[in-house]
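> Before anything else, here's the structure in question.
Read-outs: derived from the displayed coordinates by stated rules, not from any lab. Quick caveat, the model's predicted, so the values are computed rather than measured. Using ideal geometry, Cβ is built from the backbone for each residue, glycine included, and neighbour counts are taken over all protein chains shown.
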Amino acid sequence: MIAIIGAGPVGCYAASLLADNFEVKVFEEHSSVGLPIQCTGIVTQEIFRFVPKKNNFVINKASDVRIFSPNNKYIKLKLKKPDLIIDRKKFDNYFYNQAKKKGVNFVFNHKFISTRGCDVLIKNLKSKKIKKFKFSHLIGADGPLSSVAKNTGLYNKRKFFIGLQAIIKRKNNNIIDFYPVKQGFAWAVPEDKNTLRIGVASKTNPKEYFNKLLKKYKGKIIVKQAGLIPVFNPWTTFSKENIFLVGDAAGFVKATTAGGLIPGLRSAEILAHSLNHNLSYEAGIYLHLFPNLWLNLKMRRVMDSFTEKDWNQLIRELNNKESKKVLQSVNRDKLFQLLLSIAANNPRMMKYGLRHVRSLF
């Protein structure tokens, strides 16, 4: 039996991809799928690699984006392919239902405790009893503070963004706003014409930036959310013997945008392909996922080295027809292509980037 810890979208996706060849059991400590919500819920259309275009979880689309500099100047873009705002509970339940259709067995209100040989110890949170289940493979899909990683020696040293978000009632023009902040970024994302998701992800002082956002975007707070977002570590260990980590549990998150859904789902695909065909999971990750995550990490280090003056200059340099045309047409998930296209269309950016190139190595 394959035991998967965590019934988020990555765990459920892995389960559905493995169910044709293995008995799969998913253990989830909460009573249902999709809660608590700890996500901005904005994705590019790259997500349609994993889900159908006809669905019930895309609740808004936004083509207009503004990227602000510290001096409150901004560059306004109209994306060729709109970003998608999703309902995370419905999104998670899509993957849960797909796994259920494949015959995956879900066990809710059960928390992973530890492993003992080829047994996994699981605590029933209602009865408080601990049961043993034999497994052939154990998959940790249990988030940034993964108990599987901690218990099996795969946790290593980790760094995190601290994410703070509020959903507020506020009329808006369906524009996505992004702000660079020290060691992170902030956002305002329209859920609909009367509702905004505003938040900050930062490694330092997120509360200070969050309070500034609340003052800027005044509105009635519906709910506040908080969570940790892993910063990708290229030296992390994400498997050993028959134990594997996927998604946030492995730290597979883009360091530039803190986006974890697409790399997480991709890691589930790589693991399922590896187990279904008796291939190396490590080789698959290093070949298909690692290069993009590594580049995002290096770009994050460059971004973290920027001063407010640098950000002001960057936004000013990008605010021209040629650069905007590139930014609007290239999927931001494809970072290599985006950077090369900007450099090709605006040679001045190459000269500017030389000041920070040391941060890439």
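> Calculated from DSSP H runs of 4 or more alone, at -39500 (n - 2.57) each and per residue, what is the 222 nm mean residue ellipticity of the chain, nearest 500? It would help to have the intermediate numbers written out before the result.
On the way: 11 runs with 118 residues, N = 361.
Mean residue ellipticity at 222 nm (helix-derived): -10000 deg cm²/dmol.
> Here is a further query. Assigning unit charges at the beta carbon (Lys, Arg +1; Asp, Glu -1) and nothing else, what dipole magnitude in debye, to the nearest 20, does region 1-156 show about its Cα centre? Let's see the in-between values first.
Details: 27 positive and 11 negative charges, 55 e Å.
Dipole about the Cα centre, nearest 20: 260 debye.
> Count charges around residue 173 for me, please; just the other residues with Cβ under 9 Å from its Cβ, Lys/Arg as +1, Asp/Glu as -1. Don't skip to the answer; put the middle values down first.
Values: positive: 171, 193; negative: 64.
Combined, the nearby Lys, Arg, Asp and Glu give +1.
> Roughly how far apart, in whole Å, are the Cα centres of region 195-254 and region 133-152?
About 21 Å separates the Cα centre of region 195-254 from the one of region 133-152.
> Rounded to the nearest 20 Debye, what is the dipole magnitude of the chain about its Cα centre when Lys and Arg each give +1 and Asp and Glu each give -1 at the C-beta?
So the dipole magnitude of the chain works out to roughly 1200 debye.
> How high is the relative contact order of the chain, given as a whole-number percent (alpha carbon pairs under 8 Å, six or more residues apart)?
Working: 744 pairs, mean separation 66.6, N = 361.
Relative contact order comes out at 18 percent.
> Still on this structure, please answer the following. Where is the GNM fluctuation largest for the chain (alpha-carbon springs, 10 angstrom cutoff): 297, 261, 214?
214
> Just going by the charge dipole of the chain, with Lys and Arg at +1 and Asp and Glu at -1 on Cβ, which of 235, 181, 280 is farthest out on the positive end?
The Cα lying farthest towards the positive end belongs to 181.
> Would you order 187, 294 from fewest to most other beta-carbon atoms within 10 Å of each residue's own beta-carbon? Intermediate values should be presented prior to the final figure.
Values: 187 20, 294 14.
So the residues, fewest neighbours to most, are 294, 187.
> To continue, here is another question. Once you order the gyration tensor axes a ≥ b ≥ c over the Cα atoms, which shape class does region 79-176 get: rounded for a/c under 1.5, otherwise prolate or oblate by comparing a/b with b/c?
Values: a/c = 2.35, a/b = 1.81, b/c = 1.30.
Prolate, since a/c reaches 1.5 and a/b exceeds b/c.
> Sort 23, 241 so the one with the fewest other Cβ atoms within 10 Å of its own Cβ comes first.
Ordered by Cβ neighbours within 10 Å, fewest first: 241, 23.
> Let me ask you something else. Summing +1 for each Lys or Arg and -1 for each Asp or Glu, what net charge is found among the other residues whose Cβ lies under 15 Å from the Cβ of residue 247?
Details: positive: 88, 158, 254, 266; negative: 28, 92, 142, 248, 269.
Summing Lys and Arg as +1 and Asp and Glu as -1 gives -1.
> Find out how many positive minus negative residues lie around residue 297, taking Lys and Arg as positive, Asp and Glu as negative, among other residues whose Cβ is under 11 Å from that of residue 297. Each step should come with its number before you reach the end.
Details: positive: 159, 254, 298, 300, 301; negative: 304.
That sum, taken over residues with Cβ under 11 Å, equals +4.
> List the residues whose amide H sits under 5 Å from the amide H of residue 115, counting only those 5 or more places along or on another chain, with H placed 1.01 Å from N in the peptide plane.
121
> A further question on this structure: For residue 324, give me every one of the aspartates and glutamates with a C-alpha distance below 19 angstrom, ignoring sequence neighbours fewer than eight places off in its own chain.
Residue 324 reaches 64, 83, 177, 310, 333.
> Would you please classify the overall shape of region 1-138 from the alpha carbon gyration tensor, given that a ≥ b ≥ c denote the square roots of the eigenvalues, rounded means a/c under 1.5, and beyond that prolate means a/b larger than b/c while oblate covers the rest? Intermediate results must be reported in sequence, preceding the final value.
On the way: a/c = 2.93, a/b = 2.13, b/c = 1.37.
The shape class here is prolate.
> Would you mind classifying region 148-201 by shape? Square roots of the alpha carbon gyration tensor eigenvalues, ordered a ≥ b ≥ c; an a/c under 1.5 is rounded, otherwise it is prolate if a/b is larger than b/c and oblate if not. All intermediate terms of the calculation are to be shown ahead of the outcome.
Numbers: a/c = 4.46, a/b = 2.43, b/c = 1.83.
Here region 148-201 falls in the prolate category.
> Considering only Cα-Cα distances, which of the following residue pairs are longer than 27 Å: 61/102; 102/129; 54/134; 159/182? Can you show the working numbers first?
Working: 61/102 31 Å; 102/129 29 Å; 54/134 39 Å; 159/182 15 Å.
Those over the limit are 61/102; 102/129; 54/134.
> Which of 202, 147, 32, 267 has the fewest other C-beta atoms within 10 Å, and how do the rest follow up to the most? Write down the numbers at each step before the final one.
Working: 202 22, 147 19, 32 13, 267 30.
Arranged by neighbour count, lowest to highest, 202, 147, 32, 267 become 32, 147, 202, 267.
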